[in-house]
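Structure first, commentary second.
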Amino acid sequence: MPEPYDVITMGRIGVDIYPLQTGVPLARVETFGKFLGGSPSNVAVAAARLGRRSAVITRTGRDPFGDYLRQELGAFGVDARWVSAVERSPTPVTFCEIFPPDDFPLYFYRQPKAPDLEIHAGELDLDAVRAARVFWMTGTGLCAEPSRSATLAALRARDAARTAEPGRATVFDLDWRPMFWDEGDHGSVAPARYREALAHATVAVGNVDECEIATGERDPHAAARALLAAGVELAVVKRGPAGVLAVHRDGTSSDVPPLPVDVVNGLGAGDAFGGALCHGLLAGWDTARIMRYANAAGAIVASRLACSSAMPFPHEVEQALHAGAVTAAPAPEATGAAP
C-alpha cells in the first residue's frame, strides 16, 4: 500500500475574490485578486507549507475556475487526485470586504448547489482515509446530501482505523456557516448532525459561535467540557482576541493568549491555525506547544491579505514565536514557491 498521507481534508473549495483595496465597500472596489479558497482546502495548503504530505477530497465545477483550483492545489504541494468535477454545477466563488481589524463580511456564491456538496460515499478511497495520520472534516459537509452521508462514511472508516492503529487524529472543524443550512441559525437539524459527527471525532475545533451550535454552550470552559462529553479527546475553543483554550480528556488544559498582530485580513487565520494544529499533532507535541504554534501561524496569516498563498512556512512561525509578535513582512504571495 502507498505511504499514508499525513493529512487528508474533506469538504469545501472555491475561488476567493478579494479586494486589493482595504476599507472600501464592495460596491466601490475596482481591483480584485483571485485565490484558492475553502476552509478544508486551505488547511491542506497550510499543512503542506509546514512540510506535511497532504491531500483534499472535494469537487469543483467543470469550468475554468475548477481548472484553476486544481492547478493551485498542485502548485502548493497538495495532492488533487480526489478533486473531481461536477458537470452541471459551477465552481463557487466568494467575495469579501476588508475592514480591519475585525470586520470582514463574506458573500458566498454557491447556487444552485456547490459541487463540494456532491461528494458521494461510493466514490471515496476509504483505504486512504483510514490510513491518513490526520483526517480533517467540517460542519459544512454535513449540511446537505450526498456530502453528509459521504462525510459520515469517512468518519466511520476512521473509527475502524482508530481501533486498529491508535494515535491517528480525526478532526472535526465545526465550521458553522448558517447560510448553507436550510434552517439557518434557528433549526434543530444542524445540532443533531454535529452531535452525530462528534461521536466519531478525536479532536473538535471551533470558535464560541460554532461550539454553541455543537453543544449549546457559549462559555469556553463549558463548551470544551461538552465537546469532551460528546466523544472527542481534545477540545479546542478559539476565542479570537482572548486567545485559545484547549482541554484534553486526560485532564490537562492550556489557555494561550494571542500573539500581537496588526490585522490586515482575519479570514484565513483559522485555516492557518488548523494546518498548524495538524502539524503539531503529527509531531507529537504537548497541547500547550501545539496551541502556541497554531496561534502564531494564524496571526501571521491575519497580517496578510490572502488566505491560501499567505500560509506560513516553518521558519516564519518560529520567528514569530521567538519575537513574541508578528512583525510586518511581505507575504509569500507567489503560488507554491518557498522563499
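Going by average Cβ density within 10 Å per residue, which order do the peptides 121-130, 14-23, 306-315 take, highest to lowest?
Put in order of decreasing packing, that is 306-315, 14-23, 121-130.
Return one whole number: the accessible area per residue of segment 178-335 in Å², for a 1.4 Å probe.
Counting only protein heavy atoms, the per-residue value for segment 178-335 is 41 Å².
Normalised by the number of residues in the chain, what is the relative contact order in percent for Cα pairs under 8 Å and 6+ residues apart?
Normalised by residue count, the contact order of the chain is 16 percent.
Could you give the nm distance between label points at Ala325 and Tyr109, where each point is 7 Å from its Cα heading toward the beta carbon?
4.0 nm
For Ala288 and Asp125 in one chain, what is 0.36 nm times their gap in residues minus the Cα-Cα distance, to one decimal in nm?
Between Ala288 and Asp125, full extension yields 55.3 nm more.
In whole angstrom, and with the biggest value first, how far do the Cα coordinates of the chain range along each principal axis?
Between the extreme Cα coordinates on each principal axis of the chain lie 52, 48, 44 Å.
On alpha carbon coordinates alone, what is the Rg over Rh value for segment 57-164, Rh being the Kirkwood radius?
We get a ratio of 1.02 for segment 57-164.
Could you run the Karplus curve 6.51 cos²θ - 1.76 cosθ + 1.60 with θ = phi - 60° over segment 142-158 and give me ³J(HN,Hα) per residue in whole Hz, x for Gly and Pro?
Calculated HN-Hα couplings, in order: 9, 7, 7, 8, x, 4, 4, 5, 5, 5, 5, 4, 5, 5, 5, 5, 5 Hz.
Step through the residues of segment 317-325 one at a time and calculate ³J(HN,Hα) from phi using the Karplus curve (6.51 cos²θ - 1.76 cosθ + 1.60, θ = phi - 60°), rounding each to whole Hz and writing x for Gly and Pro.
After applying 6.51 cos²θ - 1.76 cosθ + 1.60, I find 5, 4, 4, 5, 5, 5, 6, x, 6 Hz.
Take the Cβ-Cβ distance between Ala85 and Ala144 as r, set R0 to 25 Å, and report the resulting FRET efficiency rounded to the nearest 0.05.
Given R0 = 25 Å and the Cβ-Cβ separation, E is 0.85.
Can you list the HN-Hα couplings for segment 199-205, worked out from phi with the Karplus curve (6.51, -1.76, 1.60; θ = phi - 60°), rounded to whole Hz and with x for Gly and Pro?
5, 9, 8, 9, 9, 10, 9
Starting from the 7 Å offset along Cα-to-Cβ, what nm value, one decimal, do you get for the label separation of Asp102 and His221?
2.2 nm
Roughly how many whole Å is it from the C-alpha centroid of segment 1-38 to that of segment 128-150?
20 Å
Okay, helix-only estimate at 222 nm for the chain: each DSSP H run of n ≥ 4 adds -39500 (n - 2.57), divide by all residues, round to 500 deg cm²/dmol; what do you get?
Calculated mean residue ellipticity at 222 nm is -10500 deg cm²/dmol.
Within 11 Å, Cβ to Cβ, of Ala48, how many net charges do the neighbouring residues add up to if Lys/Arg are +1 and Asp/Glu are -1?
Residues close to Ala48 contribute a combined charge of +1.
The values are calculated or read from the model by the stated rules, or taken from the named source; none is laboratory data. Please read these numbers as outputs of a predicted model, since none were measured by experiment. Cβ coordinates were reconstructed from backbone atoms using ideal geometry, including for glycine residues, and neighbour counts include every protein chain displayed. Ligands, DNA and RNA are stripped out before the accessible areas are found, and what is left, the full protein with its side chains, is counted by its heavy atoms. Shrake-Rupley method; radii C 1.70, N 1.55, O 1.52, S 1.80 Å.
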